[in-house]
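Working notes, beginning with the structure itself.
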Amino acid sequence: MTAPIRFIMLGGFLGAGKTTTLARLAGSYMQQGRRVGIVTNDQAANLVDTNLLRSLGFAVEEVPGACFCCRFDTLIDRVAALEASQRPEVILAEPVGSCTDLVATVVQPLRDLYRRQFQIAPYAVLFKPSHGRKILQGTSRGGFSPKAEYIFRKQLEEADAIVLNRIDEMSPGEVDDLAALVTAHYPGTPLLRISAKTGEGFEALLEFLHQDGAFGQKILSIDYDTYAEGEAELGWLNSSIHLQAASAFAMDDVVLAVMHALRETLTQQGSEVAHLKTIATEEGGAFAVANLVSTQEPVTLSLPSHASVGEADLIVNARVAIDPQILDAEVRRIVDALRERFGYQATYRQTQSLRPGRPIPTHRYNTAR
């Protein structure tokens, strides 16, 4: 009989570092000789995360159009595709960063309906320091309404463990203070401290995810009206653009220029960033990735390419508290404004701008199985 697949879903708000954490997890499991498949998830297609993980050499499938909870059958189909092509022993799943209630709508249905196929790991949720500190202190002035903050709090409430990420960006004292704040709000929930970027604390996360037992049992009491309205306040943009020039341009400079210009215009408009991601790729395999996790934080070139190319595909993913049509117009304006500087011509291949619709889960369990 075939052994069940270890299913690991890692939650957390937009910009918490889920993709970086999943990439490090996948690398760790592959070093152990285990076959790994990854399933990403978004409200729209053309995910930076999917392209990045594939560029890093991982086998990835994508569930677009809504969260895993509302596309549960598609999630199962994507896992089946990975089974057919990769025979994975571990599936790593990254849900949409604005979704919650995942224990009732994903973990419990998997445990009940697919108990022979999957061995479900504990559900860990990454904590995003830049917004989380302000939200838990009740001093948020970052542009998110109480309804959007409701989602952030509910994500942590259903966690088997809260993972305080990005500790490399803080002093030891700041980490201790933030850990005490999280523990005060969620007493009894294990708290892990990690840096997905450097690997600090990662052994503890691997050990926790290896555990079996009474995990995935926290069924939320949740107001779906508040949840839906909180999600709908975020403008969502996935834009795919082909850049071509007569002479070579530096991919790193392009992604940074786009991100810096976006940060400036959104700051001027008072529109808080949940997460901005941009990736540029070229046929030879080079790629550059830049991130912005908050309007108050600096733009980060998370993965430099050090490459100059004549053409590249640029994907911009933006999750911002702003009208999505305005967001789309700003991205187009910025990409066009940079043409003279970099000498490229821009062809817009596919753009989706939207506000997430009301979550309608395929399954929702009221009690834990």
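Anything in the range 78-104 that is in contact (Cβ under 8 Å) with a residue 40 or more places away in the chain, surrounded by fewer than 24 Cβ atoms within 10 Å (Cβ to Cβ) and not hydrophobic (A, V, I, L, M, F, W, C)? List them, or say none.
Matches in the range 78-104: GLU83, GLN86, ARG87, PRO88, GLU89, ASP101.
Considering only the range 140-159, how many residues are closer than 16 Å to ALA184 by Cα and free of Cβ contacts under 8 Å to residues at least 60 places away in the same chain?
2
How many of the residues making up the range 105-126 are part of a helix (DSSP H, G or I) and crowded, with 20+ Cβ neighbours inside 10 Å?
The number of residues fulfilling the criteria is 7.
Could you check how many residues of the range 314-341 are crowded, with 18+ Cβ neighbours inside 10 Å, among the hydrophobic types (A, V, I, L, M, F, W, C) and more than 23 Å from CYS99 (Cα to Cα)?
Residues that pass the stated criteria total 5.
Take LYS197 and decide whether it is in contact (Cβ under 8 Å) with a residue 24 or more places away in the chain, in the same structural domain as THR21 (by TED's automatic domain parsing), buried (at least 20 other Cβ atoms within 10 Å of the Cβ) and among the charged types (D, E, K, R).
The answer is no for LYS197.
May I ask you to list the residues in the range 157-175 that are part of a helix (DSSP H, G or I) and out of contact with any strand residue (DSSP E or B) (no Cβ under 7 Å at 6 or more places or on another chain)?
GLU157, ASP168, GLU169, PRO172, GLY173, GLU174
Given the options GLU311, GLU203, name the one that is at pLDDT 95 or above, within 30 Å of ASP160 (Cβ to Cβ) and either surrounded by fewer than 16 Cβ atoms within 10 Å (Cβ to Cβ) or more than 20 Å from the chain's Cα centre (by Cα) (or both).
GLU203
Just give me the residues in the range 240-259 being surrounded by fewer than 20 Cβ atoms within 10 Å (Cβ to Cβ), closer than 16 Å to ALA346 by Cβ and under 23 Å from the mean Cα position of the chain (by Cα), in sequence order.
Matches in the range 240-259: SER240 only.
Any chance the range 308-320 includes a residue that's outside any strand (DSSP E or B) and either in contact with a strand residue (DSSP E or B) (Cβ under 6 Å, 6 or more places away or on another chain) or on the phi > 0 side of the Ramachandran plot (or both)?
Among the residues of the range 308-320, not one is outside any strand (DSSP E or B) and either in contact with a strand residue (DSSP E or B) (Cβ under 6 Å, 6 or more places away or on another chain) or on the phi > 0 side of the Ramachandran plot (or both), which makes the answer no.
Hey, any hits in the range 35-44 for a residue that's within 24 Å of PRO356 (Cα to Cα), touching a Leu at 6+ places or on another chain (Cβ under 6 Å) and either at pLDDT below 95 or not hydrophobic (A, V, I, L, M, F, W, C) (or both)?
Yes, because at least one residue in the range 35-44 is within 24 Å of PRO356 (Cα to Cα), touching a Leu at 6+ places or on another chain (Cβ under 6 Å) and either at pLDDT below 95 or not hydrophobic (A, V, I, L, M, F, W, C) (or both).
Considering only the range 74-93, state which residues are outside any helix (DSSP H, G or I) and over 17 Å from the mean Cα position of the chain (by Cα).
ARG87, PRO88, GLU89, VAL90
Every residue in the range 143-164 that is under 16 Å from SER98 (Cα atoms) and of a type in the set (Gly, Ala, Ser), please.
GLY143, SER145, ALA148, ALA159
In the range 283-294, how many are buried (at least 23 other Cβ atoms within 10 Å of the Cβ) and part of a loop (DSSP other than H, G, I, E, B)?
Adding up the residues that qualify gives 1.
Here's the yes/no breakdown for (1) more than 24 Å from LEU192 (Cα to Cα); (2) buried (at least 21 other Cβ atoms within 10 Å of the Cβ); (3) charged (D, E, K, R); (4) outside the structural domain of ARG133 (by TED's automatic domain parsing):
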| site | (1), (2), (3), (4) |
| --- | --- |
| MET9 | no, yes, no, no |
| GLY12 | no, yes, no, no |
| THR19 | no, yes, no, no |
| GLY27 | no, no, no, no |
| GLN32 | no, no, no, no |
| ARG35 | yes, no, yes, no |
| VAL39 | no, yes, no, no |
| LEU52 | yes, yes, no, no |
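Can you name every residue in the range 244-295 that is under 15 Å from VAL320 (Cα atoms), out of contact with any strand residue (DSSP E or B) (no Cβ under 9 Å at 6 or more places or on another chain) and touching a residue at least 60 places away in the same chain (Cβ under 8 Å)?
Matches in the range 244-295: ALA261, THR265, GLY270.
For the range 217-239, indicate whether the set of residues that are exposed (fewer than 13 other Cβ atoms within 10 Å of the Cβ) and either in contact with a helix residue (DSSP H, G or I) (Cβ under 7 Å, 6 or more places away or on another chain) or at pLDDT below 95 (or both) is non-empty.
no
For the range 241-252, indicate whether the set of residues that are of a type in the set (Phe, Trp, Tyr) and within 24 Å of LEU10 (Cβ to Cβ) is non-empty.
No, that holds for no residue.
Out of everything in the range 321-349 that is among the hydrophobic types (A, V, I, L, M, F, W, C) and in a loop (DSSP other than H, G, I, E, B), what residue ends up being modelled with the highest pLDDT?
LEU338
The values are calculated or read from the model by the stated rules, or taken from the named source; none is laboratory data. Bear in mind the structure is a predicted one, so any value in this text is a computation, not a measurement. Cβ atoms come from the backbone with ideal geometry, glycine included; neighbour counts cover every protein chain shown.
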